[in-house]
Amino acid sequence: MRAPEHMGEPTRTIVVAAPVEAVLDALVAPYLAGHFRLTSSEAGVRIVKLGSAGRWIASRTVGIELIPGLAHWGQQATVRFSGRSDGDDAVVKAAVLDLSGGKATADTVFDTLDVAIATLRAGHDVEVGPIVDARLS
(Lines give C-alpha, C1' and ligand atoms only; values in the text may rest on other atoms or scores of the structure.)
Protein backbone atom coordinates (compact mmCIF):
# COMPACT_ATOMS: atom_id res chain seq x y z
CA MET A 1 0.00 0.00 0.00
CA ARG A 2 1.24 3.47 -0.83
CA ALA A 3 1.92 5.92 1.96
CA PRO A 4 -0.77 8.64 2.32
CA GLU A 5 1.65 11.39 1.29
CA HIS A 6 2.03 9.64 -2.10
CA MET A 7 -1.69 9.12 -2.72
CA GLY A 8 -3.73 11.33 -5.02
CA GLU A 9 -6.60 11.66 -2.54
CA PRO A 10 -6.05 9.74 0.71
CA THR A 11 -9.48 9.00 2.19
CA ARG A 12 -10.74 7.26 5.29
CA THR A 13 -14.33 6.20 6.02
CA ILE A 14 -15.63 6.47 9.58
CA VAL A 15 -18.96 5.00 10.72
CA VAL A 16 -20.32 6.24 14.05
CA ALA A 17 -23.54 5.45 15.89
CA ALA A 18 -24.45 9.14 16.27
CA PRO A 19 -26.07 12.00 14.32
CA VAL A 20 -24.10 13.17 11.26
CA GLU A 21 -23.72 16.83 12.25
CA ALA A 22 -22.45 15.92 15.74
CA VAL A 23 -19.91 13.51 14.25
CA LEU A 24 -18.69 16.11 11.73
CA ASP A 25 -18.26 18.70 14.48
CA ALA A 26 -16.38 16.20 16.66
CA LEU A 27 -14.06 15.21 13.81
CA VAL A 28 -13.25 18.83 12.95
CA ALA A 29 -12.68 20.02 16.55
CA PRO A 30 -9.08 18.71 16.95
CA TYR A 31 -8.09 20.28 13.63
CA LEU A 32 -9.42 23.66 14.75
CA ALA A 33 -7.55 23.30 18.04
CA GLY A 34 -4.37 23.01 15.96
CA HIS A 35 -3.25 25.18 13.07
CA PHE A 36 -6.20 24.39 10.78
CA ARG A 37 -9.04 26.77 9.99
CA LEU A 38 -12.62 25.99 8.99
CA THR A 39 -13.25 27.16 5.43
CA SER A 40 -16.67 25.61 4.85
CA SER A 41 -19.48 24.43 7.10
CA GLU A 42 -22.61 23.28 5.33
CA ALA A 43 -25.14 20.57 6.09
CA GLY A 44 -23.22 17.29 5.86
CA VAL A 45 -19.88 18.89 4.96
CA ARG A 46 -16.96 20.50 6.79
CA ILE A 47 -13.73 21.61 5.12
CA VAL A 48 -10.60 22.51 7.08
CA LYS A 49 -7.38 23.95 5.70
CA LEU A 50 -3.80 24.10 6.95
CA GLY A 51 -1.40 26.74 5.68
CA SER A 52 -1.59 29.25 2.86
CA ALA A 53 0.27 29.93 -0.36
CA GLY A 54 1.97 33.00 1.15
CA ARG A 55 3.23 31.10 4.17
CA TRP A 56 4.41 28.21 2.01
CA ILE A 57 6.39 30.59 -0.23
CA ALA A 58 7.85 32.32 2.84
CA SER A 59 8.90 28.97 4.29
CA ARG A 60 10.75 28.10 1.09
CA THR A 61 12.37 31.52 0.72
CA VAL A 62 13.43 32.27 4.28
CA GLY A 63 13.73 28.77 5.76
CA ILE A 64 11.12 29.68 8.34
CA GLU A 65 10.53 25.99 9.14
CA LEU A 66 13.61 26.17 11.38
CA ILE A 67 11.96 28.75 13.67
CA PRO A 68 10.13 27.04 16.57
CA GLY A 69 6.40 27.51 16.31
CA LEU A 70 6.48 28.29 12.60
CA ALA A 71 7.48 24.89 11.21
CA HIS A 72 3.90 24.28 10.06
CA TRP A 73 4.20 27.23 7.64
CA GLY A 74 5.75 24.84 5.10
CA GLN A 75 2.71 22.59 5.29
CA GLN A 76 -0.49 22.83 3.30
CA ALA A 77 -3.48 20.53 3.48
CA THR A 78 -7.19 20.64 2.78
CA VAL A 79 -9.39 18.02 4.40
CA ARG A 80 -13.03 17.55 3.40
CA PHE A 81 -15.38 15.73 5.76
CA SER A 82 -18.62 14.67 4.06
CA GLY A 83 -21.27 12.75 5.96
CA ARG A 84 -24.58 11.05 5.40
CA SER A 85 -27.03 9.13 7.55
CA ASP A 86 -27.38 5.38 7.20
CA GLY A 87 -30.13 4.42 9.61
CA ASP A 88 -28.91 5.39 13.09
CA ASP A 89 -25.31 5.67 11.91
CA ALA A 90 -23.32 8.53 10.44
CA VAL A 91 -21.05 7.54 7.55
CA VAL A 92 -18.30 10.14 7.11
CA LYS A 93 -15.56 10.25 4.51
CA ALA A 94 -12.46 12.23 5.46
CA ALA A 95 -10.69 13.07 2.20
CA VAL A 96 -7.37 14.92 1.92
CA LEU A 97 -7.83 17.05 -1.19
CA ASP A 98 -4.53 18.91 -1.08
CA LEU A 99 -1.30 17.90 0.61
CA SER A 100 2.03 19.73 0.46
CA GLY A 101 4.93 19.19 2.79
CA GLY A 102 5.30 15.43 2.40
CA LYS A 103 5.30 12.97 5.26
CA ALA A 104 5.28 15.64 7.98
CA THR A 105 2.03 17.11 6.66
CA ALA A 106 0.44 13.68 6.12
CA ASP A 107 1.39 12.76 9.70
CA THR A 108 -0.18 15.98 11.00
CA VAL A 109 -3.41 15.33 9.11
CA PHE A 110 -3.80 11.66 10.02
CA ASP A 111 -2.52 11.97 13.61
CA THR A 112 -5.15 14.67 14.15
CA LEU A 113 -7.79 12.40 12.60
CA ASP A 114 -6.71 9.62 15.00
CA VAL A 115 -7.22 12.01 17.94
CA ALA A 116 -10.71 12.86 16.67
CA ILE A 117 -11.59 9.18 16.24
CA ALA A 118 -10.33 8.35 19.74
CA THR A 119 -12.54 11.11 21.15
CA LEU A 120 -15.56 9.69 19.33
CA ARG A 121 -14.76 6.16 20.55
CA ALA A 122 -14.99 7.40 24.15
CA GLY A 123 -18.76 7.79 23.78
CA HIS A 124 -19.87 5.95 20.63
CA ASP A 125 -19.47 2.77 18.62
CA VAL A 126 -17.02 3.63 15.84
CA GLU A 127 -15.82 1.67 12.82
CA VAL A 128 -12.85 3.02 10.85
CA GLY A 129 -11.81 1.91 7.39
CA PRO A 130 -8.25 1.88 6.05
CA ILE A 131 -6.70 4.86 4.30
CA VAL A 132 -7.33 4.39 0.59
CA ASP A 133 -6.62 6.49 -2.49
CA ALA A 134 -10.08 7.67 -3.59
CA ARG A 135 -8.74 8.59 -7.04
CA LEU A 136 -7.98 4.91 -7.66
CA SER A 137 -11.31 3.60 -6.32
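The values are calculated or read from the model by the stated rules, or taken from the named source; none is laboratory data. Since this is a predicted model, take the numbers as computed values, not measurements. Here Cβ is always computed from backbone atoms with ideal geometry, including for glycine, and neighbour counts include all displayed protein chains. Calculation scope for accessible area: heavy atoms of the full protein, side chains included, ligands and nucleic acids excluded. Shrake-Rupley method; radii C 1.70, N 1.55, O 1.52, S 1.80 Å.
Table for the structure above
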read-out	value
Top-ranked residue of region 99-129 - restricted to ones that are in contact (Cβ under 8 Å) with a residue 60 or more places away in the chain and in contact with a Ser or Thr (Cβ under 9 Å, 6 or more places away or on another chain), ranked as nearest to Ala77 (Cα to Cα)	Leu99
Every residue from region 14-39 that is out of contact with any Asp or Glu (no Cβ under 6 Å at 6 or more places or on another chain) and not in a helix (DSSP H, G or I)	Ile14, Val16, Ala18, Pro19, Gly34, His35, Phe36, Arg37, Leu38, Thr39
Residue under evaluation Phe110, criteria (1) open to solvent by less than 30 Å² (accessible area, probe 1.4 Å); (2) more than 14 Å from Glu9 (Cβ to Cβ); (3) not charged (D, E, K, R), criterion not met	(2)
Verdict on Arg2 being part of a helix (DSSP H, G or I), surrounded by fewer than 19 Cβ atoms within 10 Å (Cβ to Cβ) and modelled with pLDDT under 85	no
In region 23-51, the residues that are more than 27 Å from Ala104 (Cβ to Cβ), aliphatic (A, V, I, L, M) and touching a residue at least 40 places away in the same chain (Cβ under 8 Å)	Val23
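Quick grid of which residues meet (1) assigned to a strand (DSSP E or B); (2) touching a strand residue (DSSP E or B) at 6+ places or on another chain (Cβ under 6 Å); (3) at pLDDT below 95; (4) not β-branched (Val, Ile, Thr):
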position	(1), (2), (3), (4)
Arg46	yes, yes, no, yes
Trp56	no, yes, yes, yes
Asp98	yes, yes, yes, yes
Lys103	no, no, yes, yes
Phe110	no, no, yes, yes
Val115	no, no, no, no
Leu120	no, yes, no, yes
His124	no, yes, no, yes
Ser137	no, no, yes, yes
